[in-house]
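Below you'll find the structure, written out as structure tokens, and then a few comments.
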Amino acid sequence: MSPFYPNIFHTGRSISQGGRGMQFSARSIRASVQPVTEELMEDKTQANPVSGDSIRRRFLDFYASRGHKVLPSSSLVPDDPTVLLTIAGMLQFKPVFLGKAPKQVARATTAQRCIRTNDVENVGRTARHHTFFEMLGNFSFGDYFKKEAIKWAWELSTKEFGLQADRLWVSIYEDDDEAFDIWHNEVGVPIERIKRMGEEDNFWTSGITGPCGPCSELYYDFHPERGYSDVDLGDDTRFIEFYNLVFMQYNKRDDGSLEPLKQKNIDTGLGLERMARILQKVPNNYETDLIYPIIEKASELANVSYALADDQTKRNLKIIGDHLRAIVYLISDGVLPSNIGRGYVVRRLIRRAVRSGRLLGIKGDGKSNLEGAFLPAIAEKVIEMSTYIDSDVKTRASHILEELQREELRFVQTLERGEKLLDQMLADALSSGHKNGIVPYLSGKDVFLLYDTYGFPVEITAEVAEEHGVKIDTDGFDIEMEKQRRQSQAAHNVVKLAVENGDFSENVSDTEFLGYDMLSARAVIESLLVNGKPVIQVAEGSEVEVLLDKTPFYAESGGQIGDHGFLYVTEGESKPVAVVEINDVQKSLGNVFVHKGIIKEGVLEVGREVEAAVDPKLRQQAKVHHTATHLLQSALKKVIGHETSQAGSLVAFDRLRFDFNFHRPLLDTELEEIERLINGWIGDATILQTKVMPLNDAKKAGAIAMFGEKYGEQVRVVEVPGVSMELCGGTHVSNTAEIRAFKIISEQGIASGIRRLEAVAGEAFIEYINVRDAQVKRLCSTLKVKAEEVASRVENLLEELRIARNEVSALRAKAAVYKASIIASKAFVVGTSKTIRVIVECMDDVDADSLKSAAEYLIDVLQDPAAVVLGSSPDKGKVSLVAAFTPGVVDMGVQAGKFIGPIAKLCGGGGGGRPNFAQAGGRKPENLPSALEKAKADLTSILTAKAS
């Protein structure tokens, strides 16, 4: 499978390796098919049975009628630390496949939004590479298996979608006789159109160990007239793989042996864009109604015709059409441009789209603003088409468009800086080529730097370089590109699955959480772990992880940290025989709570009953800060706009932290208004309402979903009536009055377009105020003023300090000038036809400003032409240098700025300035004497030559 195209189809090797099942050639389809016209696109409405939206709906309806629960697409930000973005339709079901989460349904069907960017260079070059795509899937969790999956896939393809049976080919794993029998004897596929393939192609594995099994793919044949001899299903000029069926039936052990899974699963994927291409009879995925309207908008802004365009123009239009889909849905899911992680993915896609637009000659936003951003105008079309993909996109439209505009305009400035760098590189290349007698060229690293950092397409760099007679090292550039591609694939191309610790994962069930209603409870120890390994018994002093059948402890999630407290093992009414201090609680895959702590007394054993007791004071502080976080989000929306949304949070015992999308620092007046609103709501003493309801009902009621969280069909809704309503599994106060008070303690930017607020409430607020009060009292005592007079007193002291510093500086300058008047007599003369007075001296510990004053004095008192170079060491490890030349010296071609730099390097520093005056510094005062000697010798030599 191609490592780029969304592993929408499982292949023989593990996902990290890919497999030949998707290794189509990079050649474009050459079938003579007319591009989709505007008239054709208008016909592709929801009523059209081959529209993209209709194909999606028909797929889901087909499986819904066969007992599958239609589940929503999960976010592009996965609830899984092993992957950066959602790259496959099965990802949301990973805990179920692992046996770490109970199955909510026996069979399901989804239309999952996915992102793949690790082979982004192929976008627009081939007929089917994308960064954003939709995976239509049907899944069975221990319910139906191979026969049903195969028959339904065939029925869907031939009857529901009407594909000609004689154009469909099938691949199976070479040893999967069961699948062959079903395809041939029960479905009726001729033997000559069933291809047996090896493990590399048709045996899906999740990794070295874990769930695995044979797979079977469906291919559509665009050219059946080519016959049956020497058929290669990987030839994408003839075939396209559109449906993949994975039969997850084995668990691979550490020794490589296979054992049957107790629960056999079905995991399938059908590429929506690929099926649309087949049914709409267009030459590539880009000309389907899923992408072509976006390309049309870009064509309009570029004032070009897609149908008449050359291949390069079409490629740039395809890049824009593809990338804008990925960008819009990523930003909608809370991913903002930055230089790390997911944010870098968005930033890179935006930059590629901007570069492509500039190559097309797009200028401005299409609304008479030639300096404006053009991506938002195209993104509006993506948003318009989002109705049946993600209904939340339209509600976030203004936020998406604002982020795009900011990022594009920021990048245009970067491009302009890159143009200056390119000019310098070309000048250096020409100079080096002339000096060494070789053809001037730009190295591969330079070309890659321009491409990767400054967004310069190789084509532009090559064109500009050619105009200057400079070649570019394309082979070196390709090497640098391949390095980056390998790093990207290694980092982000794997969905990891593993059956962990054998019987352990099967025997430990989900933990029942009792913490909403109680802070202590009796529970049974299900398992103990030390250093991640299961044990039966743990002794005093050991760090341990404890798994209980039920618990009042809250496990870290939704931004709220885990509870602290104790586990007690007692016998009868006597004192505890074992005590465990719990300092963290985390969730494993599924809903297993892991209590982490240290055994303070006694011995802990599996199967023993314990009294689990949460620290009530810390829990209360967590509750206070969590409810305050909800109030903060509501206040932010009121003060700075409803388009802002949460981008992360921390609910701790001593503070709360809230990250949100906004493009500038908050004003002091805005922060004051936020505090006023929240403290007003606290004073209203409103009783919170908490209820469980279906997810769709909650969204319709206006509940806000927490960033990055994954929700089931039933959700918990926490409401502060009239103020806030959020989907939240955290713990909260019963009445806003419990919060007592709220105070913002900091506001700062943490990434491009992301701000962070930190605040305290409840007991933490009291502690914060007490500490500040103590500090103010100490200031009052030191300054001998009242609290309300501290600010004015400090301002007066600062003014006095400023005046004193100015006086000291003036005195130092006068002292330096006095020293300069003494050394003026040390001036010596160089030159014959024209005499020049020169002074090069060390002025000991004179500071830089005073050294400047001394040089200015000497230039004034010496007759033109004259040159002065002074040095000093004002502090330990510090050197100051100054060079001052009169107009007569500068006219000879001797410049102070260029002269002082090499002298400063001898002192471990650098500097420069104007032709007549320059300053420099260094870090090696021990080298100052020799540096001044060199300055004296160089000046003498240069000026003697110039004046003779």
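The values are calculated or read from the model by the stated rules, or taken from the named source; none is laboratory data. Please read these numbers as outputs of a predicted model, since none were measured by experiment. For neighbour counting, all protein chains shown are included, and Cβ atoms are generated from backbone atoms with ideal geometry for every residue, glycine included. Just so you know, the surface numbers come from the protein's heavy atoms only, side chains and all, with ligands and any DNA or RNA stripped out. Shrake-Rupley method; radii C 1.70, N 1.55, O 1.52, S 1.80 Å.
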- prompt: Based on what the data block shows, is ASP236 part of a loop (DSSP other than H, G, I, E, B), modelled with pLDDT under 90 and either surrounded by fewer than 21 Cβ atoms within 10 Å (Cβ to Cβ) or not small (Gly, Ala, Ser) (or both)?
  reply: yes
- request: Spot the failing condition for ASP697; the list is (1) within 30 Å of ASP79 (Cα to Cα); (2) part of a strand (DSSP E or B), and only one is missed.
  value: (2)
query: Of the numbered conditions (1) aliphatic (A, V, I, L, M); (2) surrounded by 12 or more Cβ atoms within 10 Å (Cβ to Cβ); (3) out of contact with any Gly (no Cβ under 9 Å at 6 or more places or on another chain), LEU851 satisfies every one except a single condition; which is it?
result: (3)
field: The listed residue being among the β-branched types (Val, Ile, Thr), open to solvent by 20 Å² or more (accessible area, probe 1.4 Å) and more than 29 Å from the chain's Cα centre (by Cα), out of VAL304, VAL282
entry: VAL304
query: Somewhere in the stretch 797-814, is a residue open to solvent by less than 30 Å² (accessible area, probe 1.4 Å), touching a residue at least 60 places away in the same chain (Cβ under 8 Å) and either touching a Ser or Thr at 6+ places or on another chain (Cβ under 9 Å) or in a strand (DSSP E or B) (or both)?
result: no
message: Looking at GLU643 and the list (1) part of a loop (DSSP other than H, G, I, E, B); (2) over 27 Å from the mean Cα position of the chain (by Cα); (3) of a type in the set (D, E, K, R), which single condition is not satisfied?
response: (2)
field: Extreme residue, farthest from PHE742 (Cα to Cα), among residues of the stretch 616-639 that are out of contact with any helix residue (DSSP H, G or I) (no Cβ under 9 Å at 6 or more places or on another chain) and buried (at least 18 other Cβ atoms within 10 Å of the Cβ)
entry: ARG619
message: I'd like the full set of residues that are in a loop (DSSP other than H, G, I, E, B), hydroxyl-bearing (Ser, Thr, Tyr) and either open to solvent by less than 10 Å² (accessible area, probe 1.4 Å) or under 12 Å from VAL594 (Cα atoms) (or both), limited to the stretch 522-558.
response: TYR554
- line: Scanning the stretch 113-135 for residues that are farther than 16 Å from PHE242 by Cβ and in contact with a strand residue (DSSP E or B) (Cβ under 8 Å, 6 or more places away or on another chain), the one surrounded by the fewest Cβ atoms within 10 Å (Cβ to Cβ) turns out to be ARG113
query: What strands (runs of 3 or more DSSP E) completely inside the stretch 838-918 contain at least 3 residues that are within 23 Å of ILE822 (Cβ to Cβ)?
result: 866-872, 879-885
- request: Please work out which one of (1) surrounded by fewer than 18 Cβ atoms within 10 Å (Cβ to Cβ); (2) more than 22 Å from MET385 (Cα to Cα); (3) not polar (S, T, N, Q) is the condition LYS94 fails and give its number.
  value: (1)
message: Against the definition (open to solvent by less than 40 Å² (accessible area, probe 1.4 Å) and in contact (Cβ under 8 Å) with a residue 12 or more places away in the chain), how does GLU273 come out, yes or no?
response: yes
query: Of the residues that sit in the stretch 314-350 and are modelled with pLDDT of 85 or more and among the polar types (S, T, N, Q), which one is surrounded by the most Cβ atoms within 10 Å (Cβ to Cβ)?
result: ASN316
message: Given the options LYS936, LYS905, LYS946, LYS924, name the one that is open to solvent by 50 Å² or more (accessible area, probe 1.4 Å), without any contact (Cβ under 8 Å) to a residue 24 or more places away in the chain and not aromatic (Phe, Trp, Tyr).
response: LYS905
task: Please identify the pairs in which a residue from the stretch 700-726 that is on the phi > 0 side of the Ramachandran plot has its Cβ atom under 6 Å from the Cβ atom of a residue that is open to solvent by less than 30 Å² (accessible area, probe 1.4 Å) and modelled with pLDDT under 90, counting only partners at least 6 apart or on another chain.
output: GLY708/VAL77
